[in-house]
Amino acid sequence: MKWMKLAFLAGLSLSLWGTTTAQAAKRTVLPKYPRQRLFTFKTQRTKVYSYPRAAYARSKVLGVNKSTKKQWTVDKVVTVNGKRYVRLAAVSAQPLHHGTVAPLPAKRNQLAGGYVALRQLRSHSVIRQLKAIKKTAYWTPTTDRDYWDMPARTIGTTAAVHYGTTYGYRTLYATESLMTTRQKHYLYLTTANGKGIGWLPANAVIKGTYPNLLQREVNRQLTGITATTTTVDAAAHVKVGVAMAAGVVQRVVLLRQDSTTVTSDFVTGRAVIATTRSATGKVVKTAKVKQTAPIFSFTARADFDIHGYTYRVKVAPTGAVTILGTGGWIA
């Protein structure tokens, strides 16, 4: 059975580094087994050497493993007298940095970089199925899920490669599907022109083309209006839509960077009620608005993934939109 598992893993042909498909998208080819697979030690107190003793008798003992549950990966293979020895590396799943405080670097394990015989390790398969699929349109209902080069911890070294906000408010296309042994489903997404982006959980996207959330809410149950759109921040994560009729503001919609919308409906030129909806259009909450001045104002926040500003947005009775940045960093 073990040779069948090895053949399966070695034969997986969708990858981070690979060839071109008929869909003009890159396909991942997993490194040849055993590199980047997940392993545990079969027994405790296994010695780990600076180099295989079979090849260099003076290699030093770096230490011994203390656990048969801790996972390792392999980044190099050395064959000595027909037997394979592998260099250990720590399993890592590196997220992108969000916020103003940089995370502390992880402490290096003394066994990382050391060699053991491959036969002393037990392989653990995480990927059950990895295949190309028909190019299918999807969109992200929120932009707070970052894209990964491979789903976290499905192979030894994985990392987030794009912020979720980078590819928000558009139609993306799934070209690959990955299912783990624990039945977790992931999709590999590309842009319309085939540029690879990365992996997201299948439950983080919605099948179909992007519905233009701002336009949907500006026009919801309104007729005979003239609509304008204003982008709040330089990264175009936050937008404001204004609906006018007979020279009077009827509605102001704020599209936030998490794809939720806040719709402020007006009566005789004054805002009276605000409705917050999810990306799918479901009402999250409603609240009364107390507008005491002719100018309608509210705050908007744009994070820019790492840092961010809050903005003061003002809408005049004529529909003119003014945007003022506070200039303050947000953690």
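Quick one: is Thr165 under 30 Å from Gly319 (Cα atoms), surrounded by 14 or more Cβ atoms within 10 Å (Cβ to Cβ) and β-branched (Val, Ile, Thr)?
Criteria met by Thr165.
Applying the selection to region 245-268, what residues are crowded, with 16+ Cβ neighbours inside 10 Å, more than 17 Å from Thr310 (Cβ to Cβ) and modelled with pLDDT of 95 or more?
Val249, Gln250, Arg251, Val252, Val253, Thr261, Thr263, Ser264, Asp265, Phe266
Regarding Ala271, is this residue over 23 Å from Thr166 (Cβ atoms), open to solvent by 20 Å² or more (accessible area, probe 1.4 Å) and of a type in the set (A, V, I, L, M, F, W, C)?
Considered against the rule, which asks whether it is over 23 Å from Thr166 (Cβ atoms), open to solvent by 20 Å² or more (accessible area, probe 1.4 Å) and of a type in the set (A, V, I, L, M, F, W, C), Ala271 comes out as no.
Do we have any residue at all in region 298-317 that's modelled with pLDDT of 95 or more, hydroxyl-bearing (Ser, Thr, Tyr), within 35 Å of the chain's Cα centre (by Cα) and surrounded by fewer than 15 Cβ atoms within 10 Å (Cβ to Cβ)?
No, that holds for no residue.
Please return the ranges of strands (runs of 3 or more DSSP E) entirely within region 220-331 where 1 or more residues are under 23 Å from Arg170 (Cβ atoms) and in contact with an Asp or Glu (Cβ under 8 Å, 6 or more places away or on another chain).
Here the list reads 239-245, 248-255, 261-267, 270-277, 296-302, 309-315.
Any residue in region 17-39 that is at pLDDT 95 or above, outside any strand (DSSP E or B) and touching a Lys or Arg at 6+ places or on another chain (Cβ under 8 Å)?
Within region 17-39 (the criterion being at pLDDT 95 or above, outside any strand (DSSP E or B) and touching a Lys or Arg at 6+ places or on another chain (Cβ under 8 Å)), the answer is yes, since at least one residue qualifies.
Tally up the residues in region 195-211 that are open to solvent by 40 Å² or more (accessible area, probe 1.4 Å) and either free of Cβ contacts under 8 Å to residues at least 40 places away in the same chain or touching a Gly at 6+ places or on another chain (Cβ under 7 Å) (or both), please.
2
With the condition kept exactly as written, say whether any residue in region 86-96 is more than 28 Å from Thr260 (Cα to Cα), touching a helix residue (DSSP H, G or I) at 6+ places or on another chain (Cβ under 7 Å) and at pLDDT 95 or above.
Checked region 86-96: at least one residue is more than 28 Å from Thr260 (Cα to Cα), touching a helix residue (DSSP H, G or I) at 6+ places or on another chain (Cβ under 7 Å) and at pLDDT 95 or above.
Residues in region 137-160: is at least one more than 18 Å from Arg37 (Cβ to Cβ) and acidic (Asp, Glu)?
Within region 137-160, one or more residues are more than 18 Å from Arg37 (Cβ to Cβ) and acidic (Asp, Glu).
Is there any pair linking a residue in region 177-194 that is among the charged types (D, E, K, R) to one that is open to solvent by less than 20 Å² (accessible area, probe 1.4 Å) and part of a strand (DSSP E or B), with Cβ under 9 Å and at least six apart or on different chains, and which?
Lys184/Leu178
Residues of region 147-162 being over 28 Å from Leu255 (Cβ atoms), open to solvent by 20 Å² or more (accessible area, probe 1.4 Å) and aliphatic (A, V, I, L, M), which ones?
Across region 147-162, the qualifying residues are Ala152, Ala159.
Quick one: what pairs do we get from region 56-68, first residue in a loop (DSSP other than H, G, I, E, B), second among the polar types (S, T, N, Q) and open to solvent by less than 70 Å² (accessible area, probe 1.4 Å), C-beta under 8 Å, 6+ apart or different chains?
Close Cβ pairs (under 8 Å, with a partner that is among the polar types (S, T, N, Q) and open to solvent by less than 70 Å² (accessible area, probe 1.4 Å)) amount to Ser59/Ser50; Lys60/Ser50; Asn65/Thr46; Ser67/Thr40; Thr68/Thr40.
Looking at Thr223, Thr181, Thr229, Thr190, which is the one that is touching a Gly at 6+ places or on another chain (Cβ under 8 Å) and open to solvent by 40 Å² or more (accessible area, probe 1.4 Å)?
Exactly one residue qualifies, and that residue is Thr229.
The values are calculated or read from the model by the stated rules, or taken from the named source; none is laboratory data. Being a predicted model, the structure only gives us computed values, none of them experimental. Cβ sites come from the backbone with ideal geometry, for glycine too, and all protein chains shown count toward neighbours. Note: accessible area is taken over every heavy atom of the protein model, side chains too, but ligands, DNA and RNA are not part of it. Shrake-Rupley method; radii C 1.70, N 1.55, O 1.52, S 1.80 Å.
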